[in-house]
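Trainee: Let me begin by handing over the structure; questions about it come next.
Rule-based calculations on the coordinates, nothing more; no lab input. Here the structure is a predicted model, which is why all the values come from computation and not from measurement. Using ideal geometry, Cβ is built from the backbone for each residue, glycine included, and neighbour counts are taken over all protein chains shown.
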Amino acid sequence: MCIRDRAYEDLWPAAPDGFFYTTVTAAQADYDFNDLVAKYRSKQTIVNNNITQIDLSYRLDARGGKIRSGFAVQLRGLTPAQVDSIQVTDPNNVVTNVAVSTQAADYKLAAPALHAYLGNATNVANADLLAKAIDAGNNQLTLRLFNDAYEWLPSFTKYNGVQAKCNEFYNTYRACPVESSKTFTVQIKLKGTGVAKSSNLTPPYNPYIFNNGSPSKEVHLPNQSPTQLGKTNSSFGTQQDATDKTNWSKTYVTSDGRFWALHIPYEWDHPQESNRIGDVFTGFKPWVESGGVNNATWYTSPVMSKTFRGTRKFPL
Ligand SMILES: [Ca+2]
C-alpha cells in the first residue's frame with residue numbers, strides 16, 4: 001500500500017485580488033499613496049505540513065514618486081541556509097538563478113535585476129549597493145527585486161508636445177495613456193523536507209521599498225521590522241516618526257497613527273497624482289482614527305473622479 005504525501009497548495013490571496021504598496025517621502029509629500037503601487041500573489045506548496053516551495057508574483061502597476069526607490073521582500077522565519085534555490089523571472093522574461101549566501105558578512109541575496117545595472121553608467125551607484133550587507137546579522141532571507149523603480153516604470157519623453165506631464169510618472173495621471181504593468185515572478189525552493197508551516201512565514205511577508213540613494217531609508221508596512229541596515233536610518237524619531245528604536249515593535253508610524261505603506265486585499269484603484277488618500281477615499285480617515293476598527297472596507301469606495309482608473313478599465 002502506498003501512502004501519498006499530504007500535499008497541497010496554499011494560495012494567498014485565495015481569490016484574485018491585489019497587493020498595494022506605496023509610500024511618500026520623509027517630508028510626507030502629498031500623501032497620495034501611489035508612489036509605488038505593486039500587487040502580489042503568493043503560493044506555498046505544503047507537504048506534510050511543511051512548506052517546500054514559495055512562489056511569489058509581484059505586478060508593478062504604478063510609480064507616482066520621484067524618489068528612486070528599490071523594492072525588496074524579507075521572508076521572516078526563513079534563513080538563507082534553508083533555501084535550496086531561488087529563480088526570478090523579470091518583466092522582460094529574463095530568468096536568473098539567484099545565488100544564496102549564508103554568510104553574515106554578505107548581503108543575503110544578490111538582486112537579480114542588478115546584473116542589468118552593472119554595465120549601466122547611469123546607475124553606477126547601484127554597484128555600491130551590491131557590496132553592502134542588506135541584512136547582515138539578522139539572518140532572515142531577504143530578496144531585493146530591483147534597486148530603482150525607474151528601471152521598470154520609467155519616465156518618458158515620448159509625450160513631449162502632447163501631454164508633457166505624462167512623461168513624469170507611470171500610471172498615476174488619469175488623463176495619460178495607460179502604460180503596461182510589469183511583473184516579477186519568484187520561485188523559492190527549500191532544502192530537504194522544507195520548513196514547518198508557521199504563522200511567522202505568511203504573506204505578505206515583509207515587503208519594503210528603500211531609497212536608492214540612501215538604502216538604509218526603508219519604508220515598511222506599519223510595525224514591520226526594518227532590516228539590520230534599515231535600523232541604522234537616522235530619520236527614525238525625527239519629525240513625526242514614532243518608531244520604537246529599542247524593541248522595534250512599533251515602526252513606520254507617526255504619533256497620531258499615520259503610516260507610509262498600505263496593504264490592501266483588493267483590486268485597488270489608487271489615487272490620481274497629488275490627490276490625498278483621505279480625499280479620494282472618504283472612509284480612510286475615520287478608519288485610521290479608529291485604529292482600523294471602523295470603515296474596514298474604506299478602500300472599496302473611492303471618489304471615482306479622483307482615482308487613476310476611474311471608469312477606465314485597468315490594464316489587467
Ligand atoms: Ca505620488
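Trainee: Starting from the amide H of PHE146, placed 1.01 Å from N in the peptide plane, find each other amide H under 5 Å away whose residue is 5 or more places distant or on another chain.
Mentor: PHE71
Trainee: While we're here: Return the long-range amide H neighbours of ILE51 (sequence gap of 5 or more, or a different chain), with a cut-off of under 5 Å between placed amide H atoms.
Mentor: Answer set, sorted by chain and number: VAL195, ALA196, LYS197.
Trainee: Mind listing the long-range amide H neighbours of VAL83? Cut-off is under 5 Å, sequence gap 5 or more, other chains count too, H placed in the peptide plane at 1.01 Å from N.
Mentor: For VAL83, whose amide H was placed from the backbone, the distant partners under 5 Å are LYS191.
Trainee: A follow-up question, please. What number in nm² do you get for region 146-295 if you take the convex hull of its Cα atoms and divide its surface by four? Walk me through the intermediate numbers first.
Mentor: Numbers: hull surface 49.7 nm².
Taking a quarter of the hull surface, the average projection is 12.4 nm².
Trainee: How do 48-57, 150-159 rank on mean C-beta neighbours within 10 Å, highest first?
Mentor: 48-57, 150-159
Trainee: How big is region 245-316 on each of its three principal axes, counting only the C-alpha atoms and giving the largest first in Å?
Mentor: 46, 23, 23
Trainee: I've got another one for you. Can you pick out the pairs among LYS66/LYS165; LYS231/LYS285; LYS165/LYS306; LYS217/LYS245; LYS39/LYS306; LYS165/LYS285 whose Cα atoms lie more than 23 Å from each other?
Mentor: Beyond 23 Å: LYS231/LYS285; LYS165/LYS285.
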